[in-house]
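Report on one structure; see the data block that follows.
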Amino acid sequence: MAGFVHVSSTQIPVAFMSATKRSFRRRASVIRCAAITPKKRYTIAVLPGDGVGNEVIPVAVDVLCLAGSLEGIDYSFKELPIGGVALDLVGVPLPEETLTRAKQSDAVLLGAVGWPKWDNNPKHLKPITALLQLRAALKVFANLRPITVLPQLVDSTYLRKDTAEGVDLLIIRELTGGIYNAHPRGFTTNEQGDEVGFCTESYSASEVDHIARVAFDIAKQRRGKLCSVDKATILEGSMLWRKRVTAMAASEYPEVEVSHLLIDTAAMDLVRHPRQFDTILTGVMFGDILSDLAAMIPGSVGLLPSAALGDSGPGIFEPVHGSAPKHYGKDTVNPMAAVLSAAMLLRYGLKEENAAKRIEEAVSDVLDRGFRTRDIHTCGTTLVGCNRMGEEILRSLDGSCKKL
Ligand code: IPM
Ligand code: MN
């Protein structure tokens, strides 16, 4: 049918595909550094999704392009709809074509999903359902969320400066099991005729072992400290979680210093003394809550990148923030979470450590040069919007090329 790309049961209008060229055009005026001849080529599925995803992802793509070109990396970007955008286009939040192409890619770069217009939809037609389906389909069970306080940003913390200074921790969150995903779940009516909504907090031994091994291996490469967070005083899933983590520590990772905290104490300690943490291991819901809480240590969720990884196949790289309907369309949001997610994509998804480092150094350089978006703006720094911040990151990358 003219005007549509036809793939299995969902059709994506061709207009959406051609938008790629517009939104991901390189900013030629900013990129001055001559790129070296590409030796490697990767396919990246780009899923901007809803709201500010459409502001931050084009910035992240520009940054990926330039950092890649400086390391002999080229990409084929496939822009695909997900979330509310997909509901508008084809009536489902995760079109089959999006899933198929995501599976075929080397990595998925995702913006955000969700928009108030869809809030009252049944669950299977909500934008965020697409995210849960995509995570499940790609089997990305390990969610890495680093939280660092760069010295330039110590003034934007919501905590006391001396509390936030030097924080460098990593939350490893189980992503495809637990209360978000386990069965039974649903709605029913009890004997009193009262409506009931219910779900199940369950973890199997193999699920715990799977994520715990990732966390132990990473903790070993960091400062060798792992804190496992649960609610083992109450929840059976947590009781098993603690038992398995304790056993794995003793039998396989004697060199890692392991501690266990209950979720309520962990939340308190994250704001009281965050520097005590190195690697935090936790389940899907506690990890969701702790990562937004921990965003207040550097001072903005607009700074937090994430990676969702499986045993094999493409990972999903996305900023921790959502679609932010209140901020969309104003060019005010911080693209750094998305840009740092692109760095994680290079590091964990493509094993391109040098290009990843270039991006992180460029972000640090932009902060040194005093540029700040509204969420991290403090006295004496230069307030810029999302686009300008993107341009400055490109300029810093460009500069890093000249230094070599
Ligand atoms: C996140 C988000 C998601 C989650 C939602 C949108 C499903 O809050 O990635 O932190 O809870 O995993
Ligand atoms: Mn969240």
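Any read-out appearing in this document is the output of simple, stated calculations on the displayed coordinates, not a laboratory observation. It should be emphasised that the depicted structure is a prediction, and the values quoted were computed from it without experimental measurement. Because the Cβ atoms are built from the backbone with ideal geometry, glycine has one as well, and the counts that use them run over all protein chains shown.
Taking amide H positions as placed in the peptide plane 1.01 Å from N, state which residues far from HIS260 in sequence (5 or more) or on other chains have amide H under 5 Å from it.
Here the answer is SER228, since their amide H atoms fall under 5 Å of that of HIS260.
Rounded to the nearest 20 debye, what is the charge dipole size of the chain about its Cα centre when +1 sits on each Lys and Arg Cβ and -1 on each Asp and Glu Cβ?
Approximately 1200 debye in magnitude.
Between the stretch 140-190 and the stretch 218-261, how many Å separate their Cα centres?
17 Å
Any chance you could check the Cα centroid distance between the stretch 91-138 and the stretch 339-404 for me, in angstrom?
If you average the Cα positions of each part, the centres end up 28 Å apart.
Sticking with the crude label model, points 7 Å out along Cα→Cβ, report the distance from ASP162 to VAL196 in nm, one decimal please.
5.3 nm
Along the charge dipole of the stretch 170-278, Cβ charges K/R +1 and D/E -1, which of THR176, VAL196, LEU261 sits furthest on the positive end?
Projecting each Cα onto the dipole axis, the largest value belongs to LEU261.
Please give the contour-minus-distance gain from ASN387 to THR100: 0.36 nm per residue of separation, less the Cα-Cα distance, rounded to one decimal in nm.
Stretched out fully, the ASN387 to THR100 stretch lengthens by 100.2 nm.
Note down the magnitude of the dipole of the stretch 158-293 about its Cα centre, charges +1 on Lys and Arg C-beta and -1 on Asp and Glu C-beta and zero elsewhere, to the nearest 20 debye.
500 debye
Distance check, please: which entries in LYS78/LYS103; LYS126/LYS330; LYS103/LYS220; LYS78/LYS117 exceed 20 angstrom between their Cα atoms?
Going by Cα-Cα distance, LYS126/LYS330; LYS103/LYS220; LYS78/LYS117 fall outside the 20 Å limit.
Any idea which of LEU293, GLY83, GLY111 is furthest toward the positive side of the dipole for the chain, if Lys and Arg beta-carbons carry +1 and Asp and Glu beta-carbons -1?
So the residue furthest toward the plus end is GLY111.
How far apart, in nanometres, would the label points at GLU353 and LYS243 be if each is projected 7 angstrom from Cα along the Cα-to-Cβ direction?
Here the modelled spin labels are 3.9 nm apart.
Please state the charge dipole magnitude for the stretch 255-383, taken about the Cα centre, from unit charges on C-beta atoms (+1 on K and R, -1 on D and E), reported in debye and rounded to the nearest 20.
540 debye
Output the peptides 373-380, 175-182 sorted from most to least packed, where packing is the average of other Cβ atoms within 10 Å over each peptide's residues.
For the peptides 373-380, 175-182, the packing ranking is 175-182, 373-380.
Between THR148 and ASP264, what is 0.36 nm times their sequence separation minus the Cα-Cα distance? Round to one decimal in nm.
39.6 nm
Quickly work out the ARG275-to-LYS40 label distance, labels modelled 7 Å from Cα along the C-beta direction, and quote it in nm with one decimal.
Each label point lies 7 Å from its Cα, and together they span 3.6 nm.
Take each complete run of DSSP H in the chain, measure how far its Cα atoms stretch along the helix's own axis, and keep only those covering 20 Å or more with mean Kyte-Doolittle hydropathy at least 0.5; list them.
Span-like helices, by this rule, are 53-69.
Among GLY53, VAL384, THR129, whose Cα projects farthest towards the positive end of the dipole of the chain, with charges put on the beta-carbon of Lys, Arg (+1) and Asp, Glu (-1)?
Sorting the options by dipole projection puts first VAL384.
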